[in-house]
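What follows is a set of notes on a single structure, which appears directly below.
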């Protein structure tokens, strides 16, 4: 009997660190979510699409009452390097004078929240997870003398906001009973194909307590896919085809005008 009790005591002592580690890793609130569609097809009739992001918050404990719940949903398109240029008038001619290169700028970026961003996310957490649009654009360095480099980033953001490629929708996430949530994100017609990363953040007191991520596949189909593959995989044939189409269009227009004049 004493030997069995001694073995049980030793086993319990050995398992205590594992129990402590499991307790530390326990997530009191967990996001369970999905998209209304996981694939967007771009064809000749594509004029944009709406993606519904919906889900629920799974809890092992009662809903905390001392900290308001924050929900943030982001959808990010493929990132690309881009050079932003500024034109200035020199000797009566408009020329490029300054330029700034952005090492990583998403082609599309949408942020939806259930409250103003400043109320649901601290600046430290924003910098850590790169949630807002400005944080998603990374590594700015100048290709020419441009002491006001941040203004180039702001110019890019304004331009893409006008094209509906960068979106901020505060209050766009609808939350019911602090458990169920949904949000609709509008995808414009001028999308770049690729994998679009969807992230969902759950925050308390501005700090991220849970996160969830999935992917949305955006691809060209039909004639658009054939032309895209031809241009990137066989550029010589694509160039020759473009010339033939231009010649045929010119010859056709000339024939029509001659017929009208006669």
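Some points to look at:
- Of residues in the range 226-238 being surrounded by 12 or more Cβ atoms within 10 Å (Cβ to Cβ) and out of contact with any strand residue (DSSP E or B) (no Cβ under 7 Å at 6 or more places or on another chain), the one modelled with the lowest pLDDT: 230
- Residue that is farthest from the chain's Cα centre (by Cα) [pool: residues in the range 98-118 that are farther than 24 Å from residue 52 by Cβ and surrounded by 13 or more Cβ atoms within 10 Å (Cβ to Cβ)]: 98
- Checking the stated criteria, residue 82 turns out not to satisfy the condition of being at pLDDT 80 or above, closer than 23 Å to residue 117 by Cα and either within 33 Å of the chain's Cα centre (by Cα) or surrounded by fewer than 10 Cβ atoms within 10 Å (Cβ to Cβ) (or both).
- The requirement of being modelled with pLDDT of 85 or more, surrounded by 15 or more Cβ atoms within 10 Å (Cβ to Cβ), in contact with a strand residue (DSSP E or B) (Cβ under 9 Å, 6 or more places away or on another chain) and farther than 30 Å from residue 116 by Cβ is fulfilled somewhere in the range 194-206, by at least one residue.
- Sole exception among (1) closer than 18 Å to residue 202 by Cα; (2) in contact with a helix residue (DSSP H, G or I) (Cβ under 7 Å, 6 or more places away or on another chain) for residue 73, by number: (2)
Rundown of residues vs (1) touching a strand residue (DSSP E or B) at 6+ places or on another chain (Cβ under 6 Å); (2) over 16 Å from residue 112 (Cβ atoms); (3) at pLDDT below 85, yes/no style:
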position: 13; (1), (2), (3): no, yes, yes
position: 16; (1), (2), (3): no, yes, yes
position: 23; (1), (2), (3): no, yes, yes
position: 32; (1), (2), (3): yes, yes, no
position: 40; (1), (2), (3): yes, yes, no
position: 47; (1), (2), (3): no, yes, yes
position: 55; (1), (2), (3): yes, no, no
position: 66; (1), (2), (3): no, yes, yes
position: 71; (1), (2), (3): yes, no, no
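- Residue 95 being touching a helix residue (DSSP H, G or I) at 6+ places or on another chain (Cβ under 6 Å) and either part of a strand (DSSP E or B) or surrounded by 11 or more Cβ atoms within 10 Å (Cβ to Cβ) (or both): no
The values are calculated or read from the model by the stated rules, or taken from the named source; none is laboratory data. No experiment lies behind these values; they were computed from the predicted model shown. Cβ coordinates were reconstructed from backbone atoms using ideal geometry, including for glycine residues, and neighbour counts include every protein chain displayed.
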